[in-house]
Amino acid sequence: MDEDELANLYRQKPLNLWKKKRQSELPNLQIQKMDGRLRSTPLKELMDSDELVAAIISRLGMVRAALEGHGGGIKVEHISEEELGLDLILNLDGACIACGAAPGTLQGIQADLLATGEVWRIRFSESLLDTFDELGREFVLKFGNVTFV
């Protein structure tokens, strides 16, 4: 290999690494783009849409990372448009069920969604209580600061 070939090979290496990194970032960029679109679309316009749950999740702050990092999710059991805003009954899905951090997750979901100004009331499905052991159920009812129906 002569000097020119070696120099070209050396120059090409960072370019190849950059291309590989860029390709791995494309899915994240697409998710960010979709999140931006969902965040800018009012939830009331998505009430009957398959994108409702994704739009709700896009509005979550730090609790979103916990949900996604632990393989959990959200189910919308009920949504209605009231004079004061949207009324939601939510349930947890996946690994979030019976997780020891669930009380904090519920509080985080509630706080983040109420902060949007689109939602006036959030309640959680009473069936969630059945997923906790006795101590967990007692704890979430006493200190969770969330409502179950």
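The values are calculated or read from the model by the stated rules, or taken from the named source; none is laboratory data. Model, not experiment: these values are computed from the prediction. Cβ: placed from backbone, ideal geometry, glycine included. Neighbour counts: every protein chain shown.
Going by the structure shown, is L86 touching a residue at least 40 places away in the same chain (Cβ under 8 Å) and under 17 Å from R59 (Cβ atoms)? So L86 fits the description; yes. The residue of region 34-47 that is modelled with the lowest pLDDT, among those that are charged (D, E, K, R) and more than 16 Å from V119 (Cα to Cα), is D35.
Elements of the type strands (runs of 3 or more DSSP E) sitting completely within region 47-149 and holding at least 1 residues that are under 26 Å from D35 (Cβ atoms) and in contact with a His (Cβ under 7 Å, 6 or more places away or on another chain): these cover 85-94.
Filtering G104, G117, G108 for residues that are more than 13 Å from the chain's Cα centre (by Cα) and either modelled with pLDDT of 90 or more or not small (G, A, S) (or both) leaves a single hit, G117.
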